[in-house]
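Report on the following structure.
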Amino acid sequence: MATIISGLDYSQIQRDSIKARVTKLRQKHSVIPGLAVILVGEDPASQVYVRNKAKQTLEVGMKSVEHLLPKDTDEATLVALIEDLNQDQSIHGILVQLPLPDHIDEALIINSIQVKKDVDGFHLTNIGLLSTGSKKAIIPCTPLGCMMMLKDQMGSLSGKKAVVVGRSNIVGKPMAALLVKESCTVTITHSRTKNLEQECRQADILVAAVGRPEMIKGDWIKPGATVIDVGINRIDKEGGGTKLVGDVEFASASKVAAAITPVPGGVGPMTIACLLENTYQQACRINGIAEF
Ligand code: GUN
């Protein structure tokens, strides 16, 4: 049986560390990191994420601001709100929950956030910094959490064959860039990939981020591989009710892999911890404080 990589445990350690650093920042520099989260519309899954983010932001001693806007909010109103937050000295991170409603230009909104307050790492400048391997990049939260768990589990990733299933801007593409930076040989696969199963079977590191419940089966996995399951899919349970599952079929995969993240309790909790880490970093940078 595979080792279960507990994102819950990792994220608790990370949040404890952030909490201690936030306390020091307040005591030594009178700085309280502030995170503003904007949600447009009423998507239930997004509402849950936004609520969790706010709760955990407060728990580590940071300031949390939420803007919950109706789904027919126009682009100009959203940009005006972001511009206000860009000027607000008590705010060091601005996150606009994605996806946005179709009538809003996502790229325009993301790039109207000041680079120094981008905590998602989605601003074009941060994408460029990550692509060029710069240490100055703010790294997207989900891939950052995945990398922390991978490195802790495996040590050096150099020379490993990594396969990323999914090519989204939020996970697949930045994940691939991070794996390249760690000297992995990386394949990005997607819905048009031929022989996807065979591609997956080559992987020492398999990162699944397609949003298809339990698509990747145990016999797609190379024995001894490390599997990171980014999927969070709600499906109907036999006998009624619903449950959360990943993109990987956990029961079969955990018999083949050396290590695997569960769903829930794997990548999800790490994503929020990394958002808090990025907010802490931006608060330090904005105030010219060497991170400690
Ligand atoms: N929607 C799903 N994941 C994310 C994320 O990491 N950041 C934002 N802003 N929206 C998301």
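I'm checking my understanding of the structure. Among residues of region 85-104 that are touching a residue at least 24 places away in the same chain (Cβ under 8 Å), in a loop (DSSP other than H, G, I, E, B) and away from the ligand (no atom under 15 Å from the Cβ), which one is farthest from Leu129 (Cα to Cα)? The residue in question is His103. Applying the set (1) more than 21 Å from the chain's Cα centre (by Cα); (2) open to solvent by 10 Å² or more (accessible area, probe 1.4 Å); (3) within 18 Å of Ile4 (Cα to Cα) to Glu214 leaves exactly one unmet item: (1).
Where residues in region 105-116 are among the hydrophobic types (A, V, I, L, M, F, W, C) and within 14 Å of the ligand (Cβ to nearest atom), which of them is surrounded by the fewest Cβ atoms within 10 Å (Cβ to Cβ)?
Of everything passing the filter in region 105-116, Ala107 is surrounded by the fewest Cβ atoms within 10 Å (Cβ to Cβ).
Scanning region 151-181 for residues that are surrounded by fewer than 21 Cβ atoms within 10 Å (Cβ to Cβ) and part of a loop (DSSP other than H, G, I, E, B) yields Gly155, Ser156, Leu157, Ser158, Gly159, Lys160, Arg167, Ser168, Asn169, Ile170. Checked against (1) in contact with an Asp or Glu (Cβ under 8 Å, 6 or more places away or on another chain); (2) more than 16 Å from Ile4 (Cβ to Cβ); (3) open to solvent by 50 Å² or more (accessible area, probe 1.4 Å); (4) hydrophobic (A, V, I, L, M, F, W, C), Phe250 passes all but a single condition, namely (2). Restricting attention to region 34-69, the residues being in contact with a strand residue (DSSP E or B) (Cβ under 7 Å, 6 or more places away or on another chain) and touching a residue at least 24 places away in the same chain (Cβ under 8 Å) number 19.
Picking from Val37, Val22, Val65, which residue would you name as being in contact with a Lys or Arg (Cβ under 6 Å, 6 or more places away or on another chain) and either crowded, with 17+ Cβ neighbours inside 10 Å or assigned to a strand (DSSP E or B) (or both)?
Being in contact with a Lys or Arg (Cβ under 6 Å, 6 or more places away or on another chain) and either crowded, with 17+ Cβ neighbours inside 10 Å or assigned to a strand (DSSP E or B) (or both) holds for just one of Val37, Val22, Val65, which is Val37.
Restricting Thr57, Thr73 to those that are surrounded by 13 or more Cβ atoms within 10 Å (Cβ to Cβ), assigned to a loop (DSSP other than H, G, I, E, B) and among the β-branched types (Val, Ile, Thr) reduces the list to Thr73.
The values are calculated or read from the model by the stated rules, or taken from the named source; none is laboratory data. These figures come from a predicted structure and were not determined experimentally. For neighbour counting, all protein chains shown are included, and Cβ atoms are generated from backbone atoms with ideal geometry for every residue, glycine included. In case anyone asks, the SASA skips ligands and DNA or RNA and just uses the protein heavy atoms, side chains included. Shrake-Rupley method; radii C 1.70, N 1.55, O 1.52, S 1.80 Å.
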